[in-house]
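Heads up: the structure comes next, in structure tokens.
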Amino acid sequence: MSDKIKVLDYKQSDNEYLHKDFHGALCYAIKYIDERYGFEATNNYLQMVGKNIYPPLIARIKKDGLVALVLHFKNIFELEGGKVEIVYGGNRLTIKVHECPAIKHLRKTKQLYTHRYCETTVQINKAICQAADYNCTCAYKPGQAQCVQQFWGTE
Amino acid sequence: MISCIEFIPAYSELFKFLEQKGGKQAVITFWEHLSDSFLNNLRDLAAKKGLAGCFEYWSHSLSEEAADFKMTLDEENNIFTIEMRKCPSKGRLMEAKHLKPYHAYCEHCDLLYRRVLEPLGFEYNIDLSDCENAACKLVIKAKK
């Protein structure tokens with residue numbers, strides 16, 4: 001083959017699926033909806049995401065309780081490499097994010113970051129919990145890449 | 001946080017959301033905005049290195065997206081091609097039974113990248129006729 005020809009031939013199994021630049025695309029989307037349609041529209045979009053893409057997780061929460069969320073968050077943070085503390089006991093789950101891997105990546109790669117980015121967590125958790133009949137809160141200070149998410153049962 | 005492995009369904013939902021707001025034109029306007037603001041990496045690489053920059057850009061992104069593809073850079077004939085055997089985005093949307101992909105999901109690839117590359121003088125062609133099987137073919141030619 002000529003040295004003027006380069007070929008890359010990969011099967012799906014040749015690489016791990018982890019494209020962190022997607023966090024940047026989501027940031028642009030949030031900023032875009034905020035600016036064009038307003039904060040309420042962005043919140044509606046994020047709740048639509050929570051409701052439409054997480055039915056399998058919602059079903060597991062309904063079946064197994066908060067332990068389903070424990071496993072969900074453990075998987076995500078192991079994959080993305082974030083610093084997190086997960087406290088689960090009784091009917092309450094607390095997720096303390098000490099360093100959000102998404103925001104860390106955005107900063108490291110100098111991509112757009114919007115302070116509204118953390119609303120993804122707030123609104124999506126809210127939609128999932130409403131569907132699964134649980135309660136939740138998420139406290140964060142914009143830009144700190146940290147948050148405390150709490151989940152508890154309705155009874 | 002939406003994990004980056006959950007982004008594609010959220011992206012597809014975004015297109016549906018925008019279409020509900022303002023029809024297909026609202027989706028296209030967003031794609032144009034994203035192309036202009038988010039794809040500077042491809043724009044810079046293609047402007048600086050030509051088709052080799054395209055090869056560099058997609059080598060990185062398609063590897064991280066675990067795509068099933070063959071990519072060829074032919075610098076003798078000034079042609080760069082991607083034969084996408086299984087698109088990681090469309091493929092995952094189709095595999096998840098609880099998801100209904102946005103009806104024109106694959107069109108974003110046409111608009112986003114064409115809008116970057118044609119102004120730089122490249123000829124951009126994408127065949128989306130097999131996108132219902134998560135397959136497509138992209139051919140980019142550079143002016144000699």
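In table form, for the structure just shown:
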{"read-out": "Residue in the range B:115-128 that is within 25 Å of A:Leu18 (Cα to Cα) and basic (Lys, Arg) present", "value": "no"}
{"read-out": "Breaking point among (1) part of a loop (DSSP other than H, G, I, E, B); (2) within 11 Å of chain A (Cβ to nearest Cβ); (3) free of Cβ contacts under 8 Å to residues at least 12 places away in the same chain, for B:Ser63", "value": "(1)"}
{"read-out": "Every residue from the range A:1-40 that is hydrophobic (A, V, I, L, M, F, W, C) and within 7 Å of another protein chain (Cβ to nearest Cβ)", "value": "A:Ile5, A:Val7, A:Leu8, A:Leu18, A:Phe22, A:Ala25, A:Leu26, A:Ala29"}
{"read-out": "Residue within the range A:45-63 that is among the aromatic types (Phe, Trp, Tyr), touching a Phe, Trp or Tyr at 6+ places or on another chain (Cβ under 7 Å) and within 13 Å of chain B (Cβ to nearest Cβ) present", "value": "yes"}
{"read-out": "Qualifying position, being of a type in the set (Lys, Arg) and touching an Asp or Glu at 6+ places or on another chain (Cβ under 8 Å), among B:Lys16, B:Lys70", "value": "B:Lys70"}
{"read-out": "Residue match in the range A:130-152 (condition: assigned to a helix (DSSP H, G or I) and buried (at least 21 other Cβ atoms within 10 Å of the Cβ))", "value": "yes"}
{"read-out": "Flag for A:Glu78 being free of Cβ contacts under 8 Å to residues at least 24 places away in the same chain and either part of a helix (DSSP H, G or I) or polar (S, T, N, Q) (or both)", "value": "yes"}
{"read-out": "Hits in the range B:72-92 (condition: assigned to a strand (DSSP E or B), within 14 Å of the chain's Cα centre (by Cα) and not basic (Lys, Arg))", "value": "B:Thr81, B:Ile82, B:Glu83, B:Met84"}
{"read-out": "Only listed residue being surrounded by fewer than 20 Cβ atoms within 10 Å (Cβ to Cβ), touching a residue at least 12 places away in the same chain (Cβ under 8 Å) and among the charged types (D, E, K, R), chosen from B:Glu95, B:Glu75", "value": "B:Glu75"}
{"read-out": "Failed item, numbered, when B:Ala134 is tested on (1) surrounded by fewer than 20 Cβ atoms within 10 Å (Cβ to Cβ); (2) in contact (Cβ under 8 Å) with a residue 12 or more places away in the chain", "value": "(1)"}
{"read-out": "Test: residue in the range A:32-47 that is in contact with a Gly (Cβ under 8 Å, 6 or more places away or on another chain) and in a helix (DSSP H, G or I)", "value": "no"}
{"read-out": "Search result, residues across the range A:24-53 that are under 21 Å from A:Gly143 (Cα atoms), surrounded by fewer than 20 Cβ atoms within 10 Å (Cβ to Cβ) and polar (S, T, N, Q)", "value": "A:Asn43"}
{"read-out": "Lone unmet requirement of (1) surrounded by fewer than 21 Cβ atoms within 10 Å (Cβ to Cβ); (2) farther than 27 Å from A:Tyr32 by Cα for B:Asp44", "value": "(2)"}
{"read-out": "Among (1) buried (at least 18 other Cβ atoms within 10 Å of the Cβ); (2) modelled with pLDDT of 95 or more; (3) more than 18 Å from the chain's Cα centre (by Cα) - the single one B:Ile2 does not satisfy", "value": "(2)"}
{"read-out": "Only listed residue being in contact with a strand residue (DSSP E or B) (Cβ under 8 Å, 6 or more places away or on another chain) and under 23 Å from A:His115 (Cβ atoms), chosen from A:Phe39, A:Phe73", "value": "A:Phe73"}
{"read-out": "Subset of the range A:123-148 [within 14 Å of another protein chain (Cβ to nearest Cβ) and touching a residue at least 60 places away in the same chain (Cβ under 8 Å)]", "value": "A:Gln123, A:Ile124, A:Asn125, A:Lys126, A:Ala127, A:Ile128, A:Ala131"}
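The values are calculated or read from the model by the stated rules, or taken from the named source; none is laboratory data. Computed from a predicted structure; not experimentally measured. Ideal geometry is used to build each Cβ from the backbone, glycine not excepted, and the neighbour counts take in all protein chains shown.
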